[in-house]
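Right, one structure below, let's go through it.
The values are calculated or read from the model by the stated rules, or taken from the named source; none is laboratory data. Here the structure is a predicted model, which is why all the values come from computation and not from measurement. Ideal geometry is used to build each Cβ from the backbone, glycine not excepted, and the neighbour counts take in all protein chains shown. Ligands, DNA and RNA are stripped out before the accessible areas are found, and what is left, the full protein with its side chains, is counted by its heavy atoms. Shrake-Rupley method; radii C 1.70, N 1.55, O 1.52, S 1.80 Å.
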Amino acid sequence: MAARGQFSTRIGFILAAAGSAIGLGNVWGFPTNVASNGGAAFVLVYLILAFLLAYPVLMVELLVGRHYQSNPVNAYRKLTGNIIGTIVGIIGLLTVSMILSFYAIVGGWIVTWCLHYFAMALGMTDAANWLVAFGNTRNVIFTIIFFVLTAAIVRNGVSEGIEKWSTRLMPLFFLIIVLLIIYVATLDGAGAGFRAYLTPDFSIITDPELIINAMGQAFFSLSLAVGTMLVYGSYISKKENIVSLGIWVAVLDISIAIVAGLLIIPAMYVAQANGVQIYNEAGSLISSDGLLFSVLPSLFETMTSTAIIVPIAFFTLMIIAAVTSSISMLEVPVSFAIENHNLTRNKATMLIAGSILLISLIIVFNFGSLFGLVITATTEWSQPLLGLVISIFAGWLWHRNNILEEIKQGNPDAASGLFFKIWPWYIKFVCPALIALMFWRSL
Ligand code: TRP
């Protein structure tokens, strides 16, 4: 078996892990949740849960990954010392594969919307319209294209594929999002959007529905509980201070969600100022796919043709967000196939991308019955339950000395820090209790 890959620089890891975390969940899921859960009230609850619940679980994965230097199946098997760990690793691996199967379909749509605006700019109206009309042929073609993009990066390995592309793409992402926010802020109606986004409705802040949605959003956004962050953690050098790396990733991810809200929510109000309907019959802001594929395109249409660069920039931003996330999903089963089944990286990537593509195609052809079901099963059930189980693993089964040793690697002064004193206790009692409570309330 070839030597394991490793991130070559500290910033390379941060951008790759932030690239995994920052995805459609931030640019689309978060503003959607804000729009349908009382604006700034959701933002506030999200901030609290992300730091108090998601960040500690992120550290479980990074620490377990680096300690055992292997994929989640082997890591959890070694941690528990029995088959339960293996099973949990495999369930995580299957869950992340299913997440990729629907993510790639959405990724394909984003690519079609980006090309749509290129076609418009070139005057190819028929092609432009075909690209954005819902249809099996289109969905199949662009899901395949999205898998090709993802696999092309993953097959080159950790430093030459994942790290290299994240380091190239993420700075571009940060630049585009800032430019778009500045641009939207200058348009009529943006002010009302900023106000709606930043004024919380405190009356709903303890609504269980809102809290559950915020927890689900935080787990999804930080790519938690299914092995993604564990695998990335296993590629971190023992010389690095992993506690601060984790903080960087969490802060970047959370900030970009908040920042994306500054783009999307004002953009909705600009759309309204231009005559686009932004409330549904029930009187709440249009969210989910209606927001991305109807409200925003209607907004873009009201801009003059010289501004075609704006939607192209927006969908390019989304493509970057999606691809730097999908590569992290594919890496989980790929690392398993390489290490446990002795495949070369190239073969493993092709085989696994091909298999998950098949699942995507099954979903495409049974869209009405499967698409929503797969999303619910993976993100509302599997992810929080796995989060619960792995915090129990780390809190109760992982030897305290091992944990403390691992935190100290690359961080000699760790023992005097707050994280060192609180986290092992916190992950033992607080995290499992919080997750279990919320999960139970959601039933
Ligand atoms: N976090 C990414 C987003 O916000 C998606 C993602 C990548 C993910 N890897 C994951 C979600 C693993 C759940 C599990 O879009």
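I'm trying to understand the selection: among the residues of the stretch 20-52, which are among the polar types (S, T, N, Q) and open to solvent by 30 Å² or more (accessible area, probe 1.4 Å)?
Result: SER36, single match.
Got at least one residue in the stretch 281-302 being acidic (Asp, Glu), surrounded by fewer than 22 Cβ atoms within 10 Å (Cβ to Cβ) and not in a helix (DSSP H, G or I)? I'd like the intermediate steps shown before the answer.
Applying the first criterion (acidic (Asp, Glu)) to the stretch 281-302 yields 281, 289, 301.
Going one step further and asking which of them are surrounded by fewer than 22 Cβ atoms within 10 Å (Cβ to Cβ), we end up with 281, 289, 301.
So of that shortlist, the ones also not in a helix (DSSP H, G or I) come out as 281.
Checking the stretch 281-302: at least one residue is acidic (Asp, Glu), surrounded by fewer than 22 Cβ atoms within 10 Å (Cβ to Cβ) and not in a helix (DSSP H, G or I).
Of the numbered conditions (1) away from the ligand (no atom under 16 Å from the Cβ); (2) modelled with pLDDT of 95 or more; (3) assigned to a helix (DSSP H, G or I), SER8 fails exactly one; give the number of that condition.
It fails just one condition, (3).
Please give the number of the condition ALA214 fails out of (1) within 12 Å of the ligand (Cβ to nearest atom); (2) small (Gly, Ala, Ser); (3) open to solvent by less than 10 Å² (accessible area, probe 1.4 Å).
With (1) within 12 Å of the ligand (Cβ to nearest atom); (2) small (Gly, Ala, Ser); (3) open to solvent by less than 10 Å² (accessible area, probe 1.4 Å) applied to ALA214, the lone miss is (1).
Note down all Cβ pairs under 6 Å where the first residue falls in the stretch 185-203 and is under 10 Å from GLY39 (Cα atoms), the second is in a loop (DSSP other than H, G, I, E, B), and they're at least six residues apart or on different chains.
ASP201/GLY38
Taking the stretch 218-266 as the region of interest, how many residues are among the acidic types (Asp, Glu) and either within 13 Å of the ligand (Cβ to nearest atom) or open to solvent by less than 10 Å² (accessible area, probe 1.4 Å) (or both)?
Residues of the stretch 218-266 that are among the acidic types (Asp, Glu), as a first pass: 240, 253.
Still in the running and either within 13 Å of the ligand (Cβ to nearest atom) or open to solvent by less than 10 Å² (accessible area, probe 1.4 Å) (or both): 253.
Qualifying residue count for the region: 1.
Looking at the stretch 128-146, is at least one residue open to solvent by less than 60 Å² (accessible area, probe 1.4 Å), within 16 Å of the ligand (Cβ to nearest atom), touching a residue at least 12 places away in the same chain (Cβ under 8 Å) and out of contact with any Pro (no Cβ under 7 Å at 6 or more places or on another chain)?
yes
Are any residues in the stretch 320-353 under 17 Å from VAL106 (Cα atoms) and away from the ligand (no atom under 13 Å from the Cβ), and if so, which ones? Steps first, please.
Initially, the stretch 320-353 is screened for residues under 17 Å from VAL106 (Cα atoms), giving 320-330, 353.
Once the filter is applied, which keeps residues that are under 17 Å from VAL106 (Cα atoms) and away from the ligand (no atom under 13 Å from the Cβ), the stretch 320-353 yields only ALA353.
Within the stretch 390-415, restricting attention to residues that are polar (S, T, N, Q) and more than 18 Å from LEU245 (Cα to Cα), which residue is farthest from the chain's Cα centre (by Cα)? Explain how you work it out, then say what you get.
Initially, the stretch 390-415 is screened for residues polar (S, T, N, Q), giving 391, 401-402, 409, 411.
Pick out the ones that are also more than 18 Å from LEU245 (Cα to Cα) and you get 391, 401-402.
On the way: SER391: 20, ASN401: 32, ASN402: 29 Å.
Checked the stretch 390-415; the qualifying residue farthest from the chain's Cα centre (by Cα) is ASN401.
At least 1 residues that are within 15 Å of the ligand (Cβ to nearest atom), of a type in the set (A, V, I, L, M) and in contact with a Leu (Cβ under 8 Å, 6 or more places away or on another chain) in each: list the helices (runs of 4 or more DSSP H) lying fully within the stretch 11-124 that qualify.
In the stretch 11-124, the matching helices (runs of 4 or more DSSP H) lie at 55-68, 83-121.
Give, as residue ranges, the helices (runs of 4 or more DSSP H) completely inside the stretch 199-274 that count at least 2 residues that are in contact with a Phe, Trp or Tyr (Cβ under 9 Å, 6 or more places away or on another chain) and modelled with pLDDT under 95.
Per the criteria, 208-221, 242-273.
Hey, among the residues in the stretch 116-157 that are within 23 Å of ASN366 (Cβ to Cβ) and of a type in the set (Phe, Trp, Tyr), which one's modelled with the lowest pLDDT?
Checked the stretch 116-157; the qualifying residue modelled with the lowest pLDDT is PHE134.
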